[in-house]
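All remarks here apply to the structure that follows.
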Amino acid sequence: MYRRDIDVVAEDTLIQEADVEQQLSDWSNDGRYLLYLQLEFVGEGRPLAADLWALALDATATKTRITNTAFAEVNARLSPDGQWVAYESNESGRLEVYVQSFPGPGRRQPVSVGGGRTARWKPDGTELFYLTPSGDLMTVPVAASGGAFPFGAPTRLFHANVEFTQGLGRILNISPDGRFLLKVVPDDRVP
């Protein structure tokens, strides 16, 4: 993984090297952590697993493992206050959205019902959004305080004719003013 300053002419700076594939997921609002997934081979005849890690961007460059399972945990997103991480896991046999404390350790809590992908936080941290397998955009009210993560029931906001592609998680984002950016399939095109 490399880092490059964009406001000056500079060279790329190597921040981490690995013998396995790593994919960046998020960067904390305070600039202290990078979240990434690391692919891992589970065993002969078993598919790859993906665990989530955090890398401290200080002089220690400490790596913290967020998940450690034989399943795929992907698409990690830190809450705006940096206290919670939302991600997807296929442990149940389909992708579901989970939340756990960051940097942990902490008990993970399922958030989605009936499948969930591409979790994104509202900029003020009071809601968590995700997409269902059928393309409905869901909202979950959040009232996190201290070490607790109380949240409400998921509610459908609207149907988005999203195009789920190989690049998981690159189909939904939320701007600082709370508007949605979605990768959709036009009605005149077959998905």
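The values are calculated or read from the model by the stated rules, or taken from the named source; none is laboratory data. Note that this is a predicted model, so its numbers are computed, not measured. Using ideal geometry, Cβ is built from the backbone for each residue, glycine included, and neighbour counts are taken over all protein chains shown. Please note that ligands, DNA and RNA were not included when accessible areas were found on the heavy atoms of the full protein model with its side chains. Shrake-Rupley method; radii C 1.70, N 1.55, O 1.52, S 1.80 Å.
The length gained on full extension between Q38 and L157, counted as 0.36 nm times the residue separation minus their Cα-Cα distance, comes to 39.6 nm. Residue by residue, the stretch 29-40 carries 3J(HN,Hα) couplings of 4, 8, x, 8, 9, 10, 9, 8, 10, 10, 6, 9 Hz when phi is fed to the Karplus relation 6.51 cos²θ - 1.76 cosθ + 1.60 (θ = phi - 60°); x denotes Gly or Pro.
Think of a 1.4 Å ball rolled over the protein heavy atoms: the stretch 36-102 then has 44 Å² of accessible area per residue.
Nearest 0.05, what FRET efficiency do L14 and T126 give at R0 = 41 Å with Cβ-Cβ as r? With R0 = 41 Å, the Cβ-Cβ based efficiency is 0.60.
Of the solvent-accessible surface of the stretch 74-120, computed with a 1.4 Å probe and all protein chains present, 47% belongs to carbon and sulfur. Local charge for Q38 was computed over the other residues whose Cβ lies under 13 Å away, with Lys and Arg +1 and Asp and Glu -1, and equals -4.
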